[in-house]
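Let me begin by presenting the structure, written as structure tokens, before commenting on it.
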Amino acid sequence: GGGGGAVNAGESQVGDEGETTRSMRSGWSSVRRKTKSGFGRSVLSEMHPELSMFFEWVEAKHGHPVTLWQKLDRGGSMTLRKQEFIGNLKALKYEGDLDELWNILDSDRTGIVTFTEFVPEHALDLARFKHWCLVKFDSLQAAFRALDEDRSGRITWEEFSAGLESRGFEPSCATTLFLLLDSGDEGARGSILESDLLFLDRWQSPEYFWKEPDVAAQERFKAVLLKRFNENALRAWRKVLDKDSGMRVGYEDFNITCKDLARKGVREAVPRSGIGALFVAFDAERSGWFSLCHWDEEAHVALVDFQRWAKSKTGKVTDRIREMAEGKPAVDWNAFKKGVRGSGLTNYQIPMIFDGLCPSLNPAHACLTAADVTFLDKWDPEAEAREQEVWGKLAHHRATRTAAAA
């Protein structure tokens, strides 16, 4: 008996298809026209010409990257491997440099591009929406039924925006969410179907997207690590956080590190607020990573100063260390002090750099080889700063958007 009403309602909708659809689309179209061009482009597009060209193609051919992602991720795993990524883009007639594009997107060199890496800006809004649905309604399916007030099997823009606002969801990102969830090209259909939410169900979104930063936990965590490494922030960074010398720490690696520390008795690594709250205290922009600068500004300045000076002398930091060694296998503390004379580094920075770069924790065996500083030849702090600036602008835009909607 209950199903009969749903069928009749659906028949009524079909019968009024022309007028209802025109009315539904006209309301959404007026909102969509106000959305600036470039909606689908990544925040990092302005830094990488290949990425800029790619997202221009995405916008022209597929509306926005979430729609494209669902075409690329045919298995629904919410991850893409290189062969799958390149093969599917070739099938869709993308003609750019696919290897270069892959290297940009797979910035952590894991051999996998996740949904979060593919759409880092939009992932935040989608993750918060999903979390809100699960907290408020227990499931995305129940959320769909609640927002589909006329039981038509589709959520119109009017239903979506009014439903979110009346139930306390942040109204500032309603337009963005509707664009992303409407699988018609850039919101061309003007409604959301329950099937449009399936990919969100599969996505295990990281908790740092919705967690509030726990600054007090951050201070306790940093203090306990500094204590373990003689107050040397660079040493703590390299020995605990950035073991692969990538000069950035992603959420997944941070999560693993914190759990490992907790097993070893460092309770501060898993605060009551959660690892996500601790992570986002470092990653204020919610970019999914934080750098040495986020961890400790003094250590960052010292390492940048050392790198700049070493490169000015020999072109490479590794070559400067070899010169300091004077034919010996490694550079000890005395040779390092002698080698950096006239560098402009302070008496505070010099031991921080030497101890921070030395692989051994035993002072009696403290020495440096060229292999220990290879990462400094590859590290580009200027590019990193530009990327952080872009993320900062995005964070400011989000805050402004939220304040305007309040």
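With the largest listed first and rounded to whole Å, the semi-axes of the equivalent ellipsoid of region 97-168 from the Cα gyration tensor are 34, 13, 10. With a Förster radius of 51 Å applied to the C-beta separation of THR314 and GLU165, the computed FRET efficiency comes to 0.25. Spatial offset of region 325-344 relative to region 152-223 amounts to 55 Å, using the alpha carbon center of each.
Given the alpha-carbon gyration tensor of region 261-406, what are the semi-axes of its equivalent ellipsoid in whole angstrom, ordered largest first, with each equal to the square root of 5 times an eigenvalue? Don't skip to the answer; put the middle values down first.
Details: eigenvalues 259, 88, 27 Å².
Rounded to whole Å, the semi-axes are 36, 21, 12.
Within straight-line reach of LYS211, meaning a Cα separation under 21 Å, sit the following lysines at least 8 residues removed in sequence or on another chain: LYS130, LYS136, LYS222, LYS259, LYS393.
The calculated FRET efficiency for GLU298 paired with GLN83, based on their beta-carbon distance and R0 = 35 Å, is about 0.20. Here the simple spin-label model places points 7 Å from the Cα toward Cβ, and for GLU252 and ALA284 these points are separated by 2.8 nm.
The order of the peptides 119-130, 370-381 by mean Cβ neighbours within 10 Å, most packed first, is 119-130, 370-381.
Straight-distance candidates among the aspartates and glutamates for linking to LYS313, with alpha-carbon spacing under 16 Å and chain neighbours fewer than 8 residues away dropped: ASP305, GLU323, GLU326, ASP377.
In this structure, the residue pairs whose Cα-Cα separation is over 23 Å, taken from LYS82/LYS311; LYS227/LYS264; LYS239/LYS264; LYS61/LYS90; LYS71/LYS378, are LYS82/LYS311; LYS71/LYS378.
Report the relative contact order of region 289-395, percent, no decimals, based on alpha-carbon pairs under 8 angstrom and at least 6 residues apart.
Relative contact order of region 289-395: 27 percent.
Judged by the mean number of other Cβ atoms found within 10 Å, the most tightly packed of the peptides 271-279, 336-344 leads the ranking 271-279, 336-344. With a Förster radius of 30 Å applied to the C-beta separation of GLU219 and SER195, the computed FRET efficiency comes to 0.05.
Each peptide in 61-74, 163-176 receives the mean, over its residues, of other Cβ atoms within 10 Å, and ordering these scores from highest gives 61-74, 163-176. Each residue of region 130-137 was assigned a 3J(HN,Hα) from its phi angle through the Karplus curve 6.51 cos²θ - 1.76 cosθ + 1.60 (θ = phi - 60°); the sequence is 4, 4, 4, 4, 5, 6, 7, 10 Hz, with glycine and proline shown as x.
Remark on region 194-283: Rg and Dmax equal 15.0, 55 Å (Cα only). Among the trypsin sites (Lys or Arg not before Pro) found in region 276-318, not one is both in a DSSP coil and sparsely packed, with 15 or fewer other Cβ atoms within 10 Å of its Cβ. Panel values: region 154-307, Kirkwood radius from alpha carbon pairs, Stokes-Einstein at 37 °C and 0.692 mPa s, translational diffusion coefficient 182 µm²/s. When every Cα-Cα distance of region 313-377 is counted in 5 angstrom steps from zero, the calculated P(r) takes the values 3, 18, 30, 30, 15, 2, 0 percent. Annotation: extensible slack from GLU158 through VAL266 equals 33.9 nm (criterion: 0.36 nm per residue apart, minus Cα-Cα distance).
Here, each number is a calculation from the coordinates, and none is a lab measurement. Please read these numbers as outputs of a predicted model, since none were measured by experiment. We place every Cβ from the backbone using ideal geometry, glycine too, and count neighbours over all the protein chains shown.
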